[in-house]
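Let me begin by presenting the structure, written as structure tokens, before commenting on it.
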Amino acid sequence: MEIFTHIDTWVAFFTLTFLEIILGIDNIIFISLTAGKLPKHQIRKATNIGLLLAMVFRILLLMGVSYIIAMKDPLFTINLSWFQASVSGQSLILLGGGFFLLYKSTHEIHQKVEGIEHSATKTDQLKSTLTSVIIQIVVIDIVFSFDSVLTAVGMTNGLDGALVVMISAVIVSIIIMMIFAVPVGKFVNRHPTVQMLALSFLILIGFMLVTESAHLSQAVIFKQHVGAIPKGYLYFAIAFSLGVEALNMKVRKKQVKT
């Protein structure tokens with residue numbers, strides 16, 4: 001623990017914890033929408049179990065960080081007249097996660113637009129069991145863990161006791177997410193427009209993961225290289241949209257009072 005007597009260690013720890021929380025915003029949105037289908041007394045339980053399992057998996061990833069980095073090496077190549085790519089294990093995981101988010105979000109939007117949730121039978125409602133929700137939370141966190149772990153490795157590269165710093169930052173960030181995930185979930189589920197906005201964010205994030213996968217695979221489509229979408233653009237779009245929605249909610253409150 002002598003490494004925590006150095007200022008550089010604390011700077012890296014706080015910066016990494018902050019980044020882990022920012023990267024975890026995607027998880028909180030997904031958890032809010034998924035756990036919101038459960039009975040009220042099971043929401044916090046599903047959230048906490050899912051995040052604890054996610055924390056364990058993320059720590060295991062950090063301990064096997066050398067293997068994760070090695071997954072950048074191509075597993076196989078695709079060479080067609082209009083499409084070329086060198087596919088790695090890392091890019092396959094991001095691709096699978098991206099398609100999972102796109103499917104899940106589109107399916108949820110379809111249900112809400114068609115009003116399926118309101119006319120569902122008791123049997124249909126039981127499909128969202130505690131186990132299935134926890135599995136979904138862990139699966140999507142596995143996808144985001146790769147991004148989180150690679151960010152942590154890049155930030156602590158060359159730092160003494162890097163693994164201890166990374167694991168400490170992950171534990172603290174998950175605890176903070178456990179505290180705020182349920183309140184955020186209640187707010188999202190209480191406001192249908194915010195819920196639709198959150199689902200739209202997940203589509204955007206899913207598309208970003210697909211393009212990130214193509215970028216890591218050095219994909220070329222019709223002689224055009226696929227570039228990664230800067231995360232700053234994504235977070236700006238989310239913050240801007242939430243700001244507009246906050247103004248709309250304020251206007252609607254005034255209209256109700258009058």
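The values are calculated or read from the model by the stated rules, or taken from the named source; none is laboratory data. Predicted model, so just to flag it, every value in this text is computed and none were measured. Heads up, the Cβs are rebuilt from the backbone with ideal geometry, glycines too, and the neighbour counts pull from every protein chain shown.
The residues on offer are 181, 169, 214, 198, and the sole one that is at pLDDT 80 or above, surrounded by 21 or more Cβ atoms within 10 Å (Cβ to Cβ) and within 20 Å of residue 54 (Cβ to Cβ) is 169. A residue that is aliphatic (A, V, I, L, M) and assigned to a helix (DSSP H, G or I) can be found somewhere in the range 216-230. Being more than 26 Å from residue 168 (Cα to Cα) and either in contact with a helix residue (DSSP H, G or I) (Cβ under 9 Å, 6 or more places away or on another chain) or at pLDDT below 75 (or both): is that true of residue 104 here? Judged against the criteria, residue 104 is a match.
Here is a yes/no grid of residues against (1) surrounded by fewer than 20 Cβ atoms within 10 Å (Cβ to Cβ); (2) at pLDDT 70 or above; (3) β-branched (Val, Ile, Thr); (4) within 26 Å of residue 203 (Cβ to Cβ):
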residue: 5; (1), (2), (3), (4): yes, no, yes, no
residue: 11; (1), (2), (3), (4): yes, yes, yes, no
residue: 14; (1), (2), (3), (4): yes, yes, no, no
residue: 37; (1), (2), (3), (4): yes, yes, no, yes
residue: 46; (1), (2), (3), (4): no, yes, no, yes
residue: 54; (1), (2), (3), (4): no, yes, no, yes
residue: 57; (1), (2), (3), (4): yes, yes, no, yes
residue: 68; (1), (2), (3), (4): yes, no, yes, no
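Would you call residue 116 within 17 Å of residue 196 (Cβ to Cβ), of a type in the set (Val, Ile, Thr) and either modelled with pLDDT under 80 or out of contact with any helix residue (DSSP H, G or I) (no Cβ under 7 Å at 6 or more places or on another chain) (or both)? Yes: the conditions hold for residue 116.
Take residue 26 and tell me if it is among the acidic types (Asp, Glu), at pLDDT below 80 and under 28 Å from residue 219 (Cα atoms). Can you show your working first?
Values: among the acidic types (Asp, Glu): yes; at pLDDT below 80: yes; under 28 Å from residue 219 (Cα atoms): yes.
When the stated conditions are applied, residue 26 passes them.
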